[in-house]
Amino acid sequence: MAHSSRLVVFVALAANVAIAAAKFVAAALTGSSAMLSEGVHSLVDSVNEVLLLYGLKRSQRPPNRQHPLGFGRELYFWSFIVALLVLALGAGFSLYEGVNHILAPEPLKDPTANYIVLAVSALFEGSSWYLSLKSVQRKKGKYGYFEAFRRTKDPTTFSVLFEDTAALLGLLIAATGVFFSHAMNDSRVDGWASVGIAVVLAAAASLLARESKALLIGEPAQPRLLAQVCSIAGEVPGIEAVNGVLTVQVGPDHVLVALSAAFDDALTTVEIEECVREIEARTKAASLPIVALFIKPQTPEGWRERLRQLDGEA
């Protein structure tokens with residue numbers, strides 16, 4: 001998963017660096033506000049990809065005594081920073097530049113360079129978008145794209161897909177703004193296109209920030225993992241009933257699990273400890289992404305009471 005995500009980010013980074021340079025040159029030659037906004041957009045995306053790569057690398061570090069649950073949430077933190085940068089720098093600059101161009105329009109120049117750069121940018125962005133889309137399709141399973149985005153525990157590929165989608169929409173808006181500003185001989189239209197780019201970036205940043213925030217605070221693991229843990233524990237001799245499981249996703253491949261189980265009353269302390277070791281061994285053999293497993297002997301009534309308390313606190 002990490003290798004696939006890293007490849008998607010590297011491709012997006014290479015595309016955005018080249019595109020940003022071309023857009024800035026075109027903006028300087030033509031004075032287009034929308035093109036300048038697009039240049040800043042691609043520059044911000046390039047920085048974002050570097051931060052995602054850094055977060056991926058940091059999140060793969062093994063647990064230690066100071067961080068026994070690993071460093072998986074580093075990726076969530078940097079994904080949140082990426083969302084803030086898209087909002088503050090990308091959308092903020094585009095809005096500023098657009099409003100400034102509307103209030104103080106500049107004379108129109110030959111748009112040929114803009115069209116060439118927009119076409120090349122669409123080619124590069126489209127290639128990156130297609131690669132990230134295929135990666136998302138492999139991971140989303142039976143869910144729709146939006147539902148898969150809400151359920152994902154690895155925001156990297158979805159972040160790139162959202163950025164590339166916003167970039168393609170931004171290119172379309174920029175091209176429309178450049179065309180109509182010349183067709184209507186009114187450079188303020190180009191400024192409104194820059195405002196439209198700001199709206200697209202703000203929407204993408206809000207969705208990314210919302211998902212990153214939820215992962216940072218702590219989301220439960222996928223239901224399939226819960227079912228696997230309950231099934232494994234229920235097959236261990238000495239376990240009368242598996243009451244339930246509480247989980248917290250602490251990284252794309254790191255899950256904290258708290259299992260509540262009712263043990264046979266006839267078991268001794270030593271035998272209960274043996275049951276616990278057996279559950280741990282079986283979950284490890286199943287290669288589940290569990291970094292810490294806590295098992296609590298508890299009656300079904302006690303478990304239901306705890307769930308009622310959680311419902312009340314919610």
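The values are calculated or read from the model by the stated rules, or taken from the named source; none is laboratory data. Everything numeric here is computed off the predicted structure, so don't read it as measured data. Cβ placement follows ideal geometry from the backbone for every residue including glycine, while neighbour counts extend to all protein chains displayed. Heads up: the accessible areas ignore ligands, DNA and RNA and are worked out on the full protein's heavy atoms, side chains in. Shrake-Rupley method; radii C 1.70, N 1.55, O 1.52, S 1.80 Å.
With the full set of protein chains in place, find how many percent of the accessible area of region 174-314 is carbon and sulfur; take the probe as 1.4 Å.
Carbon with sulfur: 58 percent of the solvent-accessible area.
For SER287 and GLU106 in the same chain, what is the full-extension length gain: residue separation times 0.36 nm, less their Cα-Cα distance, in nm?
Net length gain for the segment: 58.9 nm.
Starting from the Cα of GLU147, step 7 Å along the direction of its Cβ; do the same at PHE180; then give the gap between the two resulting points in nm.
The two pseudo-label positions are separated by 3.6 nm.
Could you rank GLU38, GLU240 by how accessible they are, 1.4 Å probe, largest area first?
The ordering from most to least exposed comes out as GLU240, GLU38.
Looking only at LYS57, LYS296, LYS142, which one moves most when the chain is put into a Gaussian network model with springs between Cα atoms under 10 Å?
LYS142
With unit charges on the beta carbon (Lys/Arg positive, Asp/Glu negative), name the residue among VAL257, LEU89, ALA26 whose Cα is farthest towards the positive pole of the charge dipole of the chain.
Highest projection toward the positive end goes to ALA26.
Under a point spin-label approximation (7 Å from Cα along Cα-to-Cβ), what is the TYR96-TYR115 distance to one decimal in nm?
Label at TYR96, label at TYR115, 3.2 nm between them.
At 0.36 nm per residue, and after removing the present C-alpha to C-alpha distance, how many nm does the segment from THR268 to ALA241 gain when stretched out fully?
Using 0.36 nm per residue and subtracting the Cα-Cα distance, I get 8.0 nm.
If the cut-off is a Cα-Cα distance under 19 Å, which lysines reach LYS284, setting aside same-chain residues fewer than 8 apart in sequence?
LYS296
For the chain, give the share of DSSP beta bridges that are antiparallel, in percent and rounded to the nearest 5; count only bridges with both residues there.
60 percent
Answer with one residue from VAL8, ALA204, THR112: the one whose Cα lies farthest towards the positive end of the charge dipole of the chain, charges on Cβ with Lys, Arg +1 and Asp, Glu -1.
It is THR112.
Gap in Å between the Cα centre of region 184-200 and the Cα centre of region 245-314?
56 Å
Find how much the distance from THR165 to LYS296 grows on full extension, using 0.36 nm per residue of separation minus their present alpha carbon separation; answer in nm with one decimal.
42.6 nm is the gain from fully extending THR165 to LYS296.
Find the accessible area per residue for the chain; the probe is 1.4 Å, ligands and nucleic acids are left out, and the unit is Å².
Values: 15540 Å² over 314 residues.
Ligands and nucleic acids excluded, the figure is 49 Å² per residue.
Evaluate the distance, in nm, between pseudo-label points positioned 7 Å from the Cα of LEU310 and of ALA88 along their respective Cα→Cβ axes.
3.5 nm
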